[in-house]
1. Starting with the fewest neighbours, write out VAL14, VAL96 ranked by other beta-carbon atoms found within 10 Å of each beta-carbon.
2. Using the count of nearby Cβ atoms within 10 Å as a rough guide to exposure, how do LYS6, LYS163, LYS78 rank from fewest to most?
3. Based only on Cα atoms, what mean projected area does the convex hull of the range 57-179 have, in nm²?
4. Once the dipole of the chain is set up with Lys and Arg at +1 and Asp and Glu at -1 on Cβ about the Cα centre, which of LEU74, THR171, ALA29 lies farthest towards its positive end?
5. Please report the relative contact order for the chain, taking Cα pairs under 8 Å with a sequence separation of at least 6, and give it as a percent rounded to a whole number.
6. Once you have the Cα-Cα distance between ALA91 and LYS162, take 0.36 nm times their residue separation minus that, and quote the gain in nm to one decimal.
7. Based on the mean of other beta carbon atoms within 10 Å per residue, what is the order of 25-32, 83-90, most packed first?
8. Considering the chain as a Gaussian network with a 10 Å cut-off on Cα pairs, which listed residue, ALA76, ALA167, ALA116, attains the greatest mean-square fluctuation?
Amino acid sequence: MTIPVKQQIVISGVGGQGVLFVTSLLAEAAIMKGLRVFTSETHGMAQRGGTVVSHLKVGDFSSPLIRPSHADGLLALKAENLAQHGPYMKAGGWAVLNHNEEIQDTAEFSAITLDADTLAQEIGNPRSVNLVLLGFALDKVPSLFCSAGDIRMVLEKRLSNKKTMLASAMTALDAGCGK
């Protein structure tokens, strides 16, 4: 018997970091696996480097927004967004943060960090922080509804006519996996 998937994930960053791209990759992976999915995003002052937050619900839900204290996970492309969007986390949840220092787990949820900015610089693609951090999350959070292989399939489908961009995206995703 298969256990039904039911996950709520907040993806947070600032304008230009690719929050919406990561959200759409995860949503497409869910659809590819035959799962129901809802997404919702808030752009704020995205064009001026303001906060962008996206809500992703996978499973049997009836609305796209995640209520405070209900998110299973938080993917924060800027560690500072933990203070802003951490209240969405439920007890026992996880947070994956782009940060150059370890963050102590709280009583409510566990947090793991990766300096995705530096790693993206090292692979020669500073704009790929989102995929580096996504690869890290897919590698470190065993309860996620999809795998790095699922995201690779979505990227291959989406970027099949853009071979250079596809290679760059795969390199970024792989850089985060195994870190």
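What follows is calculated from the coordinates using simple rules that are stated; it is not laboratory data. Because the structure is predicted, anything quoted here is derived from the model rather than measured. Virtual Cβ from ideal backbone geometry, glycine too; neighbours counted across all protein chains shown.
1. Values: VAL14 19, VAL96 28.
Exposure proxy ranking, most exposed first: VAL14, VAL96.
2. On the way: LYS6 14, LYS163 9, LYS78 20.
Fewest-to-most ranking of LYS6, LYS163, LYS78: LYS163, LYS6, LYS78.
3. Working: hull surface 32.6 nm².
Average of the hull's projected areas for the range 57-179 equals 8.2 nm².
4. ALA29
5. Numbers: 376 pairs, mean separation 35.2, N = 179.
Relative contact order of the chain: 20 percent.
6. Details: separation 71, 0.36 × 71 = 25.56 nm, distance 4.15 nm.
Result: 21.4 nm gained on full extension.
7. Numbers: 25-32: 20.5, 83-90: 18.0.
Listed from highest to lowest mean packing, they are 25-32, 83-90.
8. Between ALA76, ALA167, ALA116, it is ALA167 that shows the largest mean-square fluctuation.
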